[in-house]
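To keep things clear, I will list the structure first and then write my remarks on it.
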Amino acid sequence: MPGPKHAAMLCAGAILAVAATGPALAEVSRVVVKESGPMGTFGGRQYAWVTAAMEGTVDKDDGTTGHYRVPVSIMYPDRDPNGFGFVDVVNSADFGIYLDETAPMGKRKIYYVGDIIFSDYLRREGFVYISVQWARMVTEELGSGYGLIEDGRDGYEIIKDAARFLRSPDGLEGDLTFRPQAVDHVIAFGQSQTASLLLEMVRSGQNRGQEGALIFDGVLAGVHGGWCLVLNNDDTPRPGPGPTIPRFYAGGYCDGPLPEDGKFIAIETETDLDADQSYRTRHDSPSFRQYELAGVAHIPPDIIGLELTGAKRQNPVSFRPVFKAMLRNLVDWIETGREPPDSRYIEGRVEGEGEFNFATDADGNVKGGLRLPHMPAVLANGERVGAPLGVYHGLDPDYEDHTNYFAWIGGSFEPFSAEEFAARYPSRELYAELVRDAAAALLAERFILEEDYEAYVAAAKRGW
């Protein structure tokens, strides 16, 4: 995850001092199946899962060749794929912060936060999926039996090799009932830390191959703040994020527009604006959109529940509906040229040493940005919609201590009093109507999907 503002971190612009990687030519040698099995039927397609080891080489500009062997997980349909590959760049926090017995998804597993975020949506839509380990800090910690990356800078090429494999999966070795079909387009997905990694990859011109062709047709980057993460292969790795794990990267705030190297959609929460200055990545570009979610936190409870960390008032609002809708918009943008909605920015101003001072309403909720049905909003026709149940924050000030960082970035929720509830919503029907109308507007503008519109309406009918 991007570094918190109260932890030791590099100053803005520090990444510019990191030597850029020279041109490299990477190649997947083979992908060897370890385990496989059926997943079930989704959208009329049977899906298979595979865990495997992806092996490859990286030829450097200095004449040397690097080798790697990393774990991957693959999911694919038996028929009628949608033509899109989905490369999930796994966040190393699941491997570096937790012990084996406490990791949410298992320290040695290469699974993906995307499965929680997108649920069965990827399979219902027919994506061919691969999650890939890229971080030398993880292979160093878990040992050669887990994986091997000789040079931390090769993480970029490992990620790109996953895309190359999806476009040409003939190198998959092992007994399988059926094999994945080649895809026409590839989307990269990163969350928090790995979204910052993908941002830097595009920013530094590394999303094109030797002949200038795009590696990733599009990138969906979630909650990275204003950070870029550079793989710099420190000669003397410093510990972090855990007590013994070496870190082979540097990070810092990054500003300015991205090159026109594929479509790029960034989704930021209120947390990322407050703690990690996501306003820095705002810019106008034909191939870029940034959506800032008002009253939403970096870690919602449907991603990780933070009760065990001592968080008693974690912000309850999910960002999953927006992620799913933006993935569909990104596919449409790549395939048909249909542009997604314009960027949405939370209102406020930058003060002091880059701190963002939010504009707030009378309740204390922020103004502007992309507003889900828990936020009050005014439609273009002047209609007021949305039904807040209290005040929603991206950070929890009770945990402004980086030793309890996860609780801090889980945000907070302060419910209205019973008297305020009664004054705002004298009937359940009125509350449900305000939610329904807000969700209908979001659906019409392609900020949510039909399935999530229906979920919002059904939940509102059940009451608050």
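The values are calculated or read from the model by the stated rules, or taken from the named source; none is laboratory data. Because the structure is a prediction, the values reported are computed rather than measured. So basically every Cβ, Gly included, is an ideal-geometry build from the backbone, and we count neighbours across all protein chains shown.
Observations
- Residue that is surrounded by the fewest Cβ atoms within 10 Å (Cβ to Cβ) [pool: residues in the range 337-360 that are closer than 22 Å to Ile448 by Cβ and touching a residue at least 12 places away in the same chain (Cβ under 8 Å)]: Asp342
- Beta carbons closer than 6 Å, at least 6 apart along the sequence or on distinct chains, pair a first residue in the range 192-210 that is at negative phi and without any contact (Cβ under 8 Å) to a residue 60 or more places away in the chain with a second that is part of a loop (DSSP other than H, G, I, E, B) and of a type in the set (Gly, Ala, Ser) for Asn207/Gly262.
- Check on Gln206, assigned to a loop (DSSP other than H, G, I, E, B), in contact with a Pro (Cβ under 9 Å, 6 or more places away or on another chain) and within 17 Å of Val58 (Cβ to Cβ): no
- For Tyr68: the one exception among (1) touching a Leu at 6+ places or on another chain (Cβ under 8 Å); (2) at pLDDT 95 or above; (3) farther than 20 Å from Gly209 by Cβ; (4) of a type in the set (Ser, Thr, Tyr): (3)
- Val50 vs. criteria among the β-branched types (Val, Ile, Thr), closer than 15 Å to Gln133 by Cα and at pLDDT 95 or above: no
- Filter pass, Ala325 being within 22 Å of Tyr456 (Cα to Cα), of a type in the set (A, V, I, L, M) and assigned to a helix (DSSP H, G or I): yes
- Put simply, of Gly155, Gly145 the only residue that is assigned to a helix (DSSP H, G or I) and either more than 17 Å from the chain's Cα centre (by Cα) or at pLDDT below 95 (or both) is Gly155.
- Candidates Asp261, Asp302, filtered to the one that is part of a loop (DSSP other than H, G, I, E, B), in contact (Cβ under 8 Å) with a residue 40 or more places away in the chain and touching a strand residue (DSSP E or B) at 6+ places or on another chain (Cβ under 9 Å): Asp261
- Among residues of the range 286-299, those that are at pLDDT 95 or above and assigned to a loop (DSSP other than H, G, I, E, B), counted: 7
- Phe356 meets all of the listed conditions (1) part of a loop (DSSP other than H, G, I, E, B); (2) among the hydrophobic types (A, V, I, L, M, F, W, C); (3) more than 19 Å from the chain's Cα centre (by Cα) but one, namely (1).
- Answer residue from the range 215-235, given it is charged (D, E, K, R) and either assigned to a strand (DSSP E or B) or more than 23 Å from Phe118 (Cα to Cα) (or both) and is modelled with the lowest pLDDT among those: Asp235
- Residue check, Gly22 under 24 Å from Ala195 (Cα atoms) and either at pLDDT 95 or above or surrounded by fewer than 15 Cβ atoms within 10 Å (Cβ to Cβ) (or both): yes
- Selection status of Phe189, over 25 Å from His67 (Cα atoms) and outside any helix (DSSP H, G or I): no
- Taken over the range 341-353, residues that are at positive phi, modelled with pLDDT of 95 or more and part of a loop (DSSP other than H, G, I, E, B) amount to 0.
- Of the residues making up the range 162-204, just one is farther than 17 Å from Tyr129 by Cβ and touching an Asp or Glu at 6+ places or on another chain (Cβ under 7 Å), namely Val202.
- Subset tally (residues that are under 21 Å from Gln193 (Cα atoms) and either among the acidic types (Asp, Glu) or buried (at least 20 other Cβ atoms within 10 Å of the Cβ) (or both)) for the range 296-313: 7
- Number of residues in the range 265-281 that are of a type in the set (Asp, Glu) and surrounded by fewer than 24 Cβ atoms within 10 Å (Cβ to Cβ): the value is 0.
- Qualifying helices (runs of 4 or more DSSP H) (wholly inside the range 377-464; at least 2 residues being within 24 Å of the chain's Cα centre (by Cα) and either touching a residue at least 12 places away in the same chain (Cβ under 8 Å) or crowded, with 20+ Cβ neighbours inside 10 Å (or both)): 405-408, 428-444, 450-462
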